[in-house]
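The values are calculated or read from the model by the stated rules, or taken from the named source; none is laboratory data. On a predicted model such as this, the values are computed, not experimentally measured, just so you know. So basically every Cβ, Gly included, is an ideal-geometry build from the backbone, and we count neighbours across all protein chains shown. Remember, those area values only see protein heavy atoms, side chains included, never the ligands or the DNA or RNA. Shrake-Rupley method; radii C 1.70, N 1.55, O 1.52, S 1.80 Å.
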Amino acid sequence: MRQELERLLDTHRAQRPEMQPQDYYKLLYQREFGCGHTAPAPETAGRHLMEEYARAAGLPGADAVPEHVKGAALPGCVEDIGNGLCRIYLNGVWSREALRLLGRVFCATAREHKGETACFAAVLDGLAHWADAVLPPRDAQTLRRQTGTLRAAGCPAVHHSAAYREQYAPHYRVVRRCYADAWPALLLAQRVLESVFPGGHALLAIDGRCGSGKSTLAAHMAQVFGCPVFHMDDFFLPPELRTPERLAQPGENVHHERFLREALEPFAAGQPVRFCPFDCSAGVPGSAVEIPAASFAVVEGSYSLHPSLRGHYTASVFVTCAQAVQRARLTARGGADSWAVFEARWIPLEETYFKAHAVQALADLTLDTTPFA
């Protein structure tokens, strides 16, 4: 951790030589605690962002921010600050929908990321050692004195120094790095959510290669949008249906008929969804679960874009990764023996299904998670 911390401090000192002791403290506070306070409602966070962006961009007001801009890429710069967090800056050309999403991921970060005071104390010790080795003696002494005062006050959150604000005009939000990585998919999900009329219902499907991060992406969407998630693994094909004739057909390695009957149709009717997730270890359905009715939900898992299901979705994402990354992830998850089973059985079945039904080509978005390994 010490080397990572020193690299972070060295990088920020090189890029922002006007940093003051409280700016170093603030950087490390954000690294540990994220935004450092309870976030407002997403609507309020989005409104504040629009107002701040309009001021930073020299626009006459928030109403001058366009609703959409071309493309789905993250508009602002992303700066890692460690501990799974980053700063997303309000540079670039932002739209109202992108600022709403930034407000949502900011609020989700406040809910999901919790720092520890003991860890922050150790980080401040590291800051002091770094300052003694790198900064001029007088500056190191000043930093030690100011951080000591803040420690005595209970390690509160602080603003950037006046010198920092004047020199660098910081406009950013601290969010989980995984949300920045998933930005195009989250933006697509937000568009689906915001397209739902009162009383309506919409689904987004996430299909793709095993080990690519489908479940992880769905979990991020649940955190950001508060939506339920349906897992295709819960509708594994029971032994009595695994006939040679069925398994010879691409994409038939899932009980899509039951998923349609027990999940998609009740959801579309605005009803709670009740089903028994398949227990693979026992080979039989497990205890019943109930998912309350919702206006928006996510379906994740291989075969979620089966031809018999595809027409029930408003949008879809195909998640992929390089073969070497897939192997490393699946081996880390279940060991070498588990990877051998995937390589010999499950991956060939998936690839046949992808090719036969043009799954990736028909998806609205492809998300390659290789860089996130």
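Take the chain, connect every pair of alpha-carbon atoms lying under 10 Å apart with a spring to form a Gaussian network, then pick out the residue of Phe296, Phe197, Phe278 with the largest mean-square fluctuation.
Most flexible of the set in this elastic network: Phe197.
In square angstrom, rounded to the nearest 10, how much accessible surface does Met19 have for a 1.4 Å probe?
20 Å²
Which whole-Hz couplings ³J(HN,Hα) result when phi for each residue of region 328-340 is put into the Karplus expression 6.51 cos²θ - 1.76 cosθ + 1.60, θ = phi - 60°, listed in order with x for Gly and Pro?
4, 5, 5, 5, 5, 6, x, x, 5, 5, 5, 4, 4
From the C-alpha gyration tensor of region 226-373, pull out the three semi-axes of the equivalent ellipsoid (sqrt of 5λ each), sorted largest to smallest, in whole Å.
Whole-Å semi-axes of the equivalent ellipsoid: 25, 20, 16.
Express in whole angstrom the spacing between the alpha-carbon centres of region 158-208 and region 275-325.
24 Å
Residue by residue through region 170-180, what is 3J(HN,Hα) from phi via Karplus (6.51 cos²θ - 1.76 cosθ + 1.60, θ = phi - 60°)? Round to whole Hz and write x for glycine and proline.
Using θ = phi - 60°, the values come out as x, 9, 7, 10, 8, 9, 5, 4, 4, 6, 5 Hz.
What does the convex hull of the Cα atoms come to per residue for region 327-373, in Å³?
Output value, Cα hull per residue: 74 Å³.
So for the chain, averaging the separation of alpha carbon pairs under 8 Å that are six or more residues apart and normalising by length, what relative contact order in percent results?
Value for the chain: 18 percent.
Between 0 and 90 degrees, rounded to the nearest ten: what's the tilt of helix 21-33 against the longest Cα principal axis of the chain?
20 degrees
Find, to one decimal place in angstroms, the Kirkwood hydrodynamic radius of region 75-156, where the mean of 1/r is taken over every pair of different Cα atoms and then inverted.
15.5 Å
Using only the alpha carbons of region 1-108, determine the length spanned along each of the three principal axes and report them from longest to shortest in whole angstroms.
Projected onto its principal axes, the Cα set of region 1-108 covers 44, 27, 26 Å.
List the residues, sorted by chain then number, that are 5 or more residues from Leu367 or on another chain and whose placed amide H is less than 5 Å from its amide H.
The list, which skips near neighbours in sequence, is Phe318, Val319, Thr320.
Regarding region 149-252, what whole-number volume in Å³ per residue does the convex hull of its Cα atoms give?
Output value, Cα hull per residue: 234 Å³.
With a cap of 13 neighbouring Cβ atoms within 10 Å, and only residues DSSP puts in a loop, list the trypsin sites (Lys or Arg not before Pro) found in region 93-155.
For trypsin sites (Lys or Arg not before Pro) across region 93-155 that sit outside H, G, I, E and B with at most 13 neighbouring Cβ atoms in 10 Å, the list reads Lys114.
Restricted to Cα positions, what overall size does the chain have along the principal axes? Three whole-Å values, descending.
Computed over the Cα atoms, the extents are 79, 51, 35 Å.
Give me the accessible area per residue for the chain, probe 1.4 Å, as a whole number in Å².
Accessible surface, normalised per residue, equals 47 Å².
Can you sort Asp207, Asp279, Asp132 by solvent-accessible area, 1.4 Å probe, largest first?
Largest accessible area first, the residues go Asp132, Asp279, Asp207.
As a test of the formula, what do you get for the chain when each DSSP H run with n ≥ 4 contributes -39,500 (n - 2.57) and the sum is divided by the residue count, at 222 nm and rounded to the nearest 500 deg cm²/dmol?
It comes out at -14000 deg cm²/dmol, rounded to the nearest 500.
Could you sort Thr44, Thr11 by accessible area so the largest value comes first, with the probe set to 1.4 Å?
Thr11, Thr44
Pick from Pro244, Pro17, Pro75: which residue has the top mean-square fluctuation in a GNM of the chain where Cα pairs under 10 Å get a spring?
Evaluated over the chain, the most mobile residue of the options is Pro244.
Find me the longest stretch of the chain that has none of the exposed GluC sites (Glu not before Pro), where exposed means in a DSSP loop (not H, G, I, E or B) with at most 14 other Cβ atoms within 10 Å.
117-373
Tell me the carbon and sulfur percent of the accessible area for the chain, rounded to whole percent, probe radius 1.4 Å.
53 percent
Which of Ala169, Ala222, Ala110 moves the most in a Gaussian network model of the chain with Cα springs under 10 Å?
Result for the chain, Cα springs under 10 Å: Ala169 fluctuates most.
Return the distance in nm (one decimal) between the two label points of a simple spin-label model at Cys276 and Arg138, each offset 7 Å from Cα along Cα→Cβ.
Going from the Cys276 label point to the Arg138 one covers 7.8 nm.
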